[in-house]
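Read-outs throughout are calculated quantities, based only on the coordinates presented, and are distinct from any laboratory measurement. None of the values given here were measured: they were computed from a predicted structure. Here Cβ is always computed from backbone atoms with ideal geometry, including for glycine, and neighbour counts include all displayed protein chains.
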Amino acid sequence: MSDQSAGAKFGPVRLMPGVTRGHVGAYLWAAFVSIGIFTYATTLQPYLLEVNIGVPVEQRGVVSGDLQFWQEIITLLCVGLFGAWSDRVGRRVVYITGFLITALAYAAYPFANDVGQLLIYRLIYAVGIAALGGMLATVLADYPVDADRGKLTGISFFLNAVGALLFFAVLTRLPSLYQGFGATETEAGQFAYLTISAVCVVSALIMLGLKPGRPDQLTERLPLRTLLTQGLIAGRQPRIALAYAASFAARADLVIVALFLSLWVQTAAIADGATAAEASSRQGALFGIVQGSAMLWAPIFGWMADKVNRVTLVIIATVLSVIGYGWMGFTPDPALGGLAFGAAAMLGIGQASGILASQVLIAQEAPSAIRGAVIGMVGFFGALGILAISKIGGYTFDEWRPGSPFIIMAGANILLLAFAIWVRSRR
């Protein structure tokens, strides 16, 4: 079958008419680099706070939490606008724009002289992330036929994990690499961010391979008031309410690992006598364990999702999350390995389980007539989870203990577990 013919296939995935294997290949590159690009700025941020700006240790939790909080606010404001714009000009234009804005933010970020400048560059970064995040899900809905969407989702999820593993385990070592070539500590951090900026520019060029023009089928975009009203009314059903609560916890998982674990490892490693570059390398090793365990566990948990009741699945995922968060939260020093590696592996398993369980539950329970509103509310509650842990976790990180964001998340998951057990007990 010709690559240009209607009904082309990408491996086992049947494609919509007009979509070619080249279009899918360009999209899968975006899937490969996206999670790393979404989180690398946060992951290496403790290096900038230590070396480039010199933020006191006792203030870094609040500063990091505030930066994440305002990033999420801007993302929430922009993601709908980019979605509507992509319906007018096509996904390719928005994807290219998103990568170029993100490249600009990465290039500027390490040259900030104070926290105020860092916030300005972070807000620019948030605009780019809003464009990329929206298109990552939208193109996935555009390209495959409905019956094969799960297959392409699985391929995309696997590449997300592989790309994240590359960024965390390899590219966090860039400051050490550049110092080995003779760069100063400050220059090494700047070169590391500029490297990712270059990856964004290359990715923008690769996005020229996406399908041009407006999409053939447009998804109805509901007004915010309609979305909130219909979504909240649907939340009166216990299982949908459980899916909202699970999303609140699952989305926060992504932030707490990238934001507070990186800050904690950086602070602990430097206190143990490591340089900032060495501390970043230790971050990469620990993140490699988190993402590697998530990548290996996800197919197993996905197989379980088709074998057990979906509320039971949420219960299992929540138990795993409580263990992972609690273990990590009470780890004495995550920079020294040993118990920290086991906690990191359990954290990755809990993270993957929570995300997948919330997704499959809402996919099963969302009424077809208001599916868009219900799925939209899942994203809304997930964003609330990120906002909450960014502010509360940042404060308690400085004022209580570095492991406090993880302890708080363990407590939140215990509440979620109690709710899930109650829902499961209802006939």
Length-normalised contact order for region 228-427 - Cα pairs under 8 Å, 6+ apart - percent: 38
Provide the gained length on full extension for the span residue 201 to residue 88, in nm with one decimal, where the gain is 0.36 nm per separating residue minus the Cα-Cα distance. 38.3 nm
Whole-angstrom gap from region 152-196 to region 291-334, using each part's C-alpha centre: 26
If you take every residue apart from residue 178 with its C-beta less than 12 Å away from the C-beta of residue 178, what net charge results, scoring Lys and Arg +1 and Asp and Glu -1? -1
Calculated Rg and Dmax of the chain using C-alpha coordinates, Å: 21.0, 67
Residue order, fewest to most beta carbons within 10 Å, for 307, 9: 307, 9
Cα-derived Rg to Rh of region 228-427, Kirkwood definition: 1.01
Starting with the fewest neighbours, write out 16, 377, 346, 135 ranked by other beta-carbon atoms found within 10 Å of each beta-carbon. 16, 346, 377, 135
By counting other Cβ atoms within 10 Å of each Cβ, how are 327, 29 ranked from fewest to most? 29, 327
Report the local net charge at residue 95: Lys and Arg +1, Asp and Glu -1, summed over other residues whose C-beta lies under 12 Å from its C-beta. +2
nm² value of the averaged projected area, convex hull over the Cα atoms of region 17-211: 11.1
Cut-off 14 Å between beta-carbons: net charge of the residues surrounding residue 358, Lys and Arg +1, Asp and Glu -1: +1
